[in-house]
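Heads up, the thing below is written out as structure tokens.
The values are calculated or read from the model by the stated rules, or taken from the named source; none is laboratory data. Note that the structure is a prediction, hence the values are computed from the model and not measured. We place every Cβ from the backbone using ideal geometry, glycine too, and count neighbours over all the protein chains shown. Side chains are part of the model used for accessible areas, which takes the heavy atoms of the whole protein and leaves out ligands, DNA and RNA. Shrake-Rupley method; radii C 1.70, N 1.55, O 1.52, S 1.80 Å.
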Amino acid sequence: MIALFESKNYPQNEKLTAREEAKQRLKFFKHIIEDCDGYKNLYVKGVQIAQENDLQRLFRFVWYGTTYKVDAESNSGRGQTDFIISKGQANQNIVEFKLASNSKLAHVFTQVKIYEAANCADGSLIVIFYFSEEEHAYFKQVIEDAGYEDMIDDAIFLIDCRNDNKISASKA
């Protein structure tokens, strides 16, 4: 992953907010999983093995060569955030991961608001990973019910981890 990062000449823009830098890293992470066969690391013999904490550990790889501080499982009194990306107290953002299979997925919107207040964060980014078409339909309904469709690819990132829809380019 580091070689791919370096070969793409990933630009470091020191003027970005922690939120914008986190969004750029999430887009790269999504690219690795969806377009570069990264999803294959989430299965063994076709069976999903990845849990939320596995995805969190993988996300750390995309923070190579950064000047931003990346804190995992930080707790400022209201529970552990998955990540706080920061450059000082006045420039920080929360990144929260959820599996679409989580039966309490709709609660994530309340959860991140509490984390934002507890951490004096500038905002939050929510990342939802899905492993089946049923999970895809479920989280789409959750987002629609919450009225947050316009936040997709801005504050809500959806990552397709399915292993049944990524055919070889030679067969496409």
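In the set 87, 166, 98, 171, only one residue is touching a residue at least 40 places away in the same chain (Cβ under 8 Å), more than 18 Å from the chain's Cα centre (by Cα) and farther than 22 Å from residue 17 by Cβ; that residue is 166.
If you go through the stretch 144-172 and keep only what is within 15 Å of residue 105 (Cβ to Cβ) and either part of a strand (DSSP E or B) or touching a His at 6+ places or on another chain (Cβ under 9 Å) (or both), you end up with 152, 156, 157, 158, 159. Checking the stated criteria, residue 136 turns out to be closer than 18 Å to residue 33 by Cα, open to solvent by 30 Å² or more (accessible area, probe 1.4 Å) and assigned to a helix (DSSP H, G or I).
Just one of the listed residues (114, 33) is among the β-branched types (Val, Ile, Thr), within 24 Å of residue 151 (Cα to Cα) and at pLDDT below 95, namely 114.
Strands (runs of 3 or more DSSP E) fully within the stretch 4-118 that include at least 2 residues being open to solvent by less than 20 Å² (accessible area, probe 1.4 Å): 80-86, 92-99.
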